[in-house]
């Protein structure tokens, strides 16, 4: 389920210190972007952030929750997005810190992809 418009507006406000946050509905979820890089996804009004080996320690608290996933041919496929603890929605400075770390991971992933032909 995609995020509600109210929740998306709330997130954009909380994450405003990072810059102009944009969102796009995709794959039945809502992608959260900064500068064209997707660093978060929202489903059922829950924010998940991009994780990689370099920022995993920052998100230690999120290991208690299952990662964002989907079903394919009877198997659960885990994505590299971890659930942000709900308490961070009331802690905007810490939420922005998590988002910055996720943005770093998203940029590293984007840098590894081959350039698109135009």
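Rule-based calculations on the coordinates, nothing more; no lab input. Everything numeric in this text was worked out from a predicted model, so none of it was measured. Cβ atoms come from the backbone with ideal geometry, glycine included; neighbour counts cover every protein chain shown.
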Likely footprinting exposure, 68, 54, 18, fewest C-beta neighbours within 10 Å first: 54, 18, 68
Distance in Å, no decimals, from the C-alpha centre of the stretch 1-28 to the one of the stretch 43-118 is 14
For the chain, just say rounded, prolate or oblate: build the C-alpha gyration tensor, square-root its eigenvalues into a ≥ b ≥ c, call rounded for a/c under 1.5, and beyond that prolate if a/b exceeds b/c, oblate if not. rounded
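Order by neighbour count: 100, 87, fewest other Cβ atoms within 10 Å first, most last.
Ascending Cβ contact count within 10 Å gives the list 87, 100.
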Note the full-extension length gain between residue 45 and residue 96 as 0.36 nm times their separation in residues minus their Cα-Cα distance, in nm to one decimal. 16.6 nm
Divide by every residue of the chain the summed helix terms, -39500 (n - 2.57) for each DSSP H run of at least 4, and state the resulting mean residue ellipticity at 222 nm, rounded to the nearest 500 deg cm²/dmol. -8500 deg cm²/dmol
In nm, the gap between the two label points placed 7 Å beyond Cα toward Cβ at residue 79 and residue 111 is 2.3
Largest fluctuation, 61, 44, 71 only, Gaussian network model of the chain with Cα springs under 10 angstrom, belongs to 71
Pick from 33, 65, 81: which residue has the top mean-square fluctuation in a GNM of the chain where Cα pairs under 10 Å get a spring? 65
Once you've got the GNM for the chain with C-alpha springs shorter than 10 Å, pick whichever of 57, 96, 49 has the biggest mean-square fluctuation. 57
